[in-house]
1. Can you pull out the chymotrypsin sites (Phe, Trp or Tyr not before Pro) in region 74-143 that DSSP calls coil and that have at most 14 other Cβ atoms within 10 Å?
2. Using the crude model of +1 on Lys and Arg Cβ and -1 on Asp and Glu Cβ, and no other charge, please compute the dipole size for the chain relative to its Cα centre, in debye to 20.
3. Rank these for me by crowding, 114, 134, going from fewest to most other beta carbons within 10 Å.
4. For the chain, which DSSP H helices look membrane-span-like by this rule: Cα extent along the axis of 27 Å or more and mean Kyte-Doolittle of at least -1.0?
5. If amide H atoms are built 1.01 Å from N in the plane of the peptide, which residues on other chains or at least 5 residues away come under 5 Å of the amide H of residue 49?
6. At most 14 other Cβ atoms within 10 Å plus a DSSP loop assignment makes a site exposed; report the longest stretch of the chain without any exposed GluC sites (Glu not before Pro).
Amino acid sequence: MDVFNSFNIASSALKAQRIRLDTISSNMANIETTRTPQGGPYQRKMVVFETQQPGFKQQLNSAMQAQPQGVQVSQIVADTTDPRLVFDPGHPDANENGYVAMPNINLLEETADMMMATRAYEANVTSIKASKRMALKALEIGR
């Protein structure tokens with residue numbers, strides 16, 4: 001595996017984790033949103049990762065040797081669990097019984113997901129830095 005493969009794999013992971021962090025931020029920002037353009041409360045979004053589909057050149061190379069491929073976001077799906085009902089008869093979106101349908105978002109869970117995504121992002125940055133150092137050391141050998 002050459003140094004450029006490690007850069008490509010780590011950069012694909014950086015992109016995927018950035019999208020994951022953006023999605024988590026959106027969930028946290030909409031934790032109190034009771035009305036959306038689609039109707040009803042905001043639905044929590046979740047990121048689904050998959051193996052990155054290689055192009056023709058990468059496919060040809062991987063046929064000749066085992067080669068890792070990277071990761072990408074395949075889709076962002078909405079959580080279909082029922083919203084939590086909160087009793088607040090004064091709220092403009094309250095039903096006839098005084099309950100408001102709130103997004104089913106757990107702040108603690110979103111914070112933990114954000115911390116995991118941040119750590120994964122940092123690990124990939126460290127991987128890129130290590131690959132860069134190895135490439136520079138290899139160039140110094142040639143002097």
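Laboratory data are not the source of any read-out in this text; all were calculated from the coordinates shown. Remember, predicted model here, so these are calculated numbers, not experimental data. Neighbour counts are summed over all protein chains in view; Cβ atoms, including those assigned to glycine, are modelled from backbone coordinates with ideal geometry.
1. Qualifying residues, ordered by number: none.
2. Working: 14 positive and 14 negative charges, 216 e Å.
The dipole magnitude comes to about 1040 debye.
3. Ranking 114, 134 by Cβ neighbours within 10 Å, fewest first, gives 134, 114.
4. Passing helices, by number: 3-29, 107-141.
5. Answer set, sorted by chain and number: 74.
6. Longest gap between qualifying sites, sites excluded: 33-95.
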